[in-house]
Structure formats: structure tokens, C-alpha cells
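The values are calculated or read from the model by the stated rules, or taken from the named source; none is laboratory data. Since the structure is predicted, the reported quantities are computational estimates derived from the model, not experimental observations. Neighbour counts are summed over all protein chains in view; Cβ atoms, including those assigned to glycine, are modelled from backbone coordinates with ideal geometry. Remember, those area values only see protein heavy atoms, side chains included, never the ligands or the DNA or RNA. Shrake-Rupley method; radii C 1.70, N 1.55, O 1.52, S 1.80 Å.
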Amino acid sequence: MKVIVTIPAYNEEETIASVIREIPRMIAGVGIVEVLVVDDGSRDRTSDVALAAGADHVVRNRANRGLAYTFQRCLNEALARGADVIVNTDADNHYDQSRIAELIAPILSGKADIVVGSRVFETLKMKFANKHGNRAANWLMQRLLKIPGVDVSSGFRAYSREAALSLNILSNHTYTHETLFNALDRKLRVISVPLDARHVERPSRLISSLPKHVWRAGLVIAQSILRYRPLQAYGTAGVVLAALGTVPFLRFLYFFAQGDGHGHIQSLIAAAALLFLGGQLLVVGLLAKAVSWNRQLLEDVLYRLKDEATAEEDDLSLRVIHTEIKSGNKAA
């Protein structure tokens with residue numbers, strides 16, 4: 001059993017060493033624990049500091065590509081190195097890496113595919129706007145996804161190999177919300193483990209402007225709803241418009257029954273327009289659902305391709321190790 005702890009990092013030379021040193025290298029039920037840092041084009045000494053602190057693998061994006069892209073690369077690089085479980089944590093030391101054993105326990109016992117280290121907001125020191133913004137996002141997403149108690153914005157998560165192979169990130173901003181939509185769409189089991197987090201003094205690398213972040217995160221959520229739950233989204237909007245269309249239609253019928261229909265033709269026009277739009281949205285929802293089925297088939301194909309590719313890399317690594325052992329025996 002190999003666990004690889006991945007750390008997406010951008011200009012984190014001041015904190016990344018503390019993160020790496022806090023990662024436990026011996027965990028019950030785990031044979032190997034490795035640390036993989038993906039440097040997202042940092043302009044400081046993040047990569048050098050990570051290697052000096054004990055990171056087993058450091059790869060670097062040629063340019064700053066953003067958190068979502070870097071997280072997807074973290075998963076791909078960890079899978080390529082034979083990870084059975086992948087733990088993702090932040091490079092700013094916001095999370096308590098010493099509790100990784102608690103985070104991965106549900107995966108090791110076969111109870112979950114993804115485990116979210118949910119922050120305890122009552123004890124968390126954070127700027128008022130950020131804290132209550134996170135709470136609002138949690139309240140909304142927990143109800144949309146029907147996953148009570150999960151901190152949807154937490155980046156401290158553990159993924160089984162199957163989950164990592166299944167996830168495909170399309171966002172260009174943050175991955176935390178989209179991965180939950182994608183995971184539930186792929187019928188992966190998601191559970192939450194409450195874990196305290198630390199206060200980070202320096203400004204967030206992701207949230208340079210709170211209004212801008214809220215807008216971009218909101219777009220990610222909206223796109224995820226349309227991508228993974230199109231019939232629910234378009235169908236709900238269509239039913240609402242159709243229901244609104246019945247109001248002026250009933251109003252027109254009332255006046256028509258009273259012999260006064262000629263003066264209320266505008267109600268009939270409004271009703272027709274709303275009912276037409278509602279019907280069109282329902283049709284769009286059905287078409288989008290058909291497209292969604294096609295996406296799921298493509299994701300199944302991509303899963304198999306990634307699975308075969310990582311299996312071949314593992315087999316090649318084992319052959320190299322066996323060759324080195326044989327060479328050493330002959331030399332002896």
C-alpha cells in the first residue's frame with residue numbers, strides 16, 4: 001500500500017518545508033508514504049525548499065496554470081508513481097498534516113472513495129468575510145449535493161486510486177466544488193472527517209479579491225450543475241416558467257368566462273410566451289441529459305486508458321527493480 005501526499009504550490013517557499021516535515025512517514029496499514037510537490041510556475045525557491053525539506057518528487061509547471069490544472073496534474077503524477085491512496089493538502093500549512101492517518105482511515109477500511117477533511121468553523125480563526133462566505137457556500141452545496149457535514153471548500157482530502165482515476169477537472173479556477181459534483185456523478189462514496197485547521201496570516205494565493213473569487217467560484221458551481229445535472233437544472237427552470245405561464249392564462253380564462261376576453265389578450269400572449277419557453281427548456285434539458293450520457297461513456301473510456309497506462313508504468317518499474325536486484329546478485 002502506497003500513499004502519496006500531493007502538494008500544489010505557488011510561491012510557498014516560506015511554509016512548504018513545515019508542511020512536508022509534518023507529514024507522517026509511517027502510518028499503520030501503509031507500506032510507503034511519499035511526498036509529491038507540483039510547483040505551479042513559482043517565481044521563488046519553492047521547488048528547492050521542497051526538495052531540501054524531504055519531498056520525494058518535485059515536478060514543475062512551465063508557467064503558472066492555476067490551482068485546478070495543478071491539482072489534476074497532482075492526481076496524474078501520483079497515479080503514475082503507483083499511488084494506492086492520494087492525499088492532497090495545501091502548501092500554506094492551513095491544515096494539520098499530522099492527522100493524515102485519520103483522513104485515510106475510511107479509505108483503508110473500504111468505507112469511502114473520497115474523504116474530506118472538514119474544517120470546524122466554530123474554532124477556526126479566519127477573516128469575517130472569508131469565514132461566513134465559506135459557511136454560505138457549504139450551506140448551499142450541501143443541499144445541492146445532499147452531502148451534509150462536508151466542507152465543500154476544503155482542499156485537505158484523500159482519494160482512493162479508483163477515485164483519482166475517475167475524476168476529470170475542467171474548471172480553470174478551483175477544483176474543490178467540481179470534484180464533488182464529478183464524484184457523485186461517478187457514484188463514488190464521499191464522507192467527511194472533522195479536522196481542525198490553522199489560521200493563515202498571509203493573503204490567499206487563490207483569493208486575491210473576494211468578490212472576484214465569489215464570481216469565479218459561482219461560475220464553476222453553475223457550470224458543474226449544468227454539466228453533471230442538466231435535466232435537474234433545465235427541467236426545474238422549465239417547470240417554473242411553465243407554472244408562471246399558467247397564471248396569466250388562468251387570468252385570461254377568468255375574464256373570458258365573464259365575457260370580457262377581448263381586453264385581456266395580453267395575458268394570453270404572456271402565457272403563451274412563458275409556456276413556450278418552459279417547454280423549450282425542458283427539451284434542452286432532455287438533450288443535455290443525452291449529451292451527459294455520452295460524457296459518462298467517454299469518462300469510462302478515459303478511466304480504462306488511465307488505468308492501463310498507470311498499470312504499465314507500475315509493471316515497468318517492477319521490471320527495472322527486478323533487473324537491478326539480479327544485477328546486484330550477479331555482482332556479489
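Some observations on this one:
- Counting protein heavy atoms only, the stretch 1-70 has 48 percent of its accessible area on carbon and sulfur, 1.4 angstrom probe.
- Against the main long axis of the alpha-carbon atoms of the chain, helix 230-257 sits at an angle near 10°.
- Note on residue 298 and residue 146: the extension gain reaches 52.1 nm, defined as 0.36 nm multiplied by sequence separation minus the Cα-Cα distance.
- Nearest-ten-degree value, helix 67-80 long axis tilted from longest Cα axis of the chain: 50 degrees
- Cα gyration tensor, the chain - rounded (a/c under 1.5), prolate or oblate: prolate
- Multiplying the residue separation of residue 201 and residue 276 by 0.36 nm and removing their Cα-Cα distance gives an extension gain of 21.7 nm.
- Residue 299 contributes an accessible area of around 20 Å² to the protein surface, as traced by a 1.4 Å probe with all chains present.
- Once backbone amide H atoms are built at 1.01 Å from N, residue 25 has no partners under 5 Å, excluding neighbours fewer than 5 places away on the same chain.
- Here each label is just a point 7 Å from Cα along the line to Cβ, and for residue 307 and residue 243 those points are 4.2 nm apart.
- Under the simplified labelling scheme, the residue 219-residue 52 pair shows an inter-label distance of 3.9 nm, with each label point 7 Å from Cα along Cα→Cβ.
- Under the criterion of Cα pairs below 8 Å and six or more residues apart, the relative contact order for the chain equals 16 percent.
- With 0.36 nm allotted per residue and the present C-alpha distance subtracted, the residue 63-residue 101 stretch has 10.3 nm of extension available.
- Ligands, DNA and RNA aside, residue 201 has an accessible area near 150 Å² when probed at 1.4 Å.
- Distance in nm between pseudo-label sites at residue 291 and residue 250 (7 Å out along the Cβ direction from Cα): 3.4 nm
- With protein chains left intact and a 1.4 Å probe, residues in the stretch 1-154 average 43 Å² of accessible area per residue.
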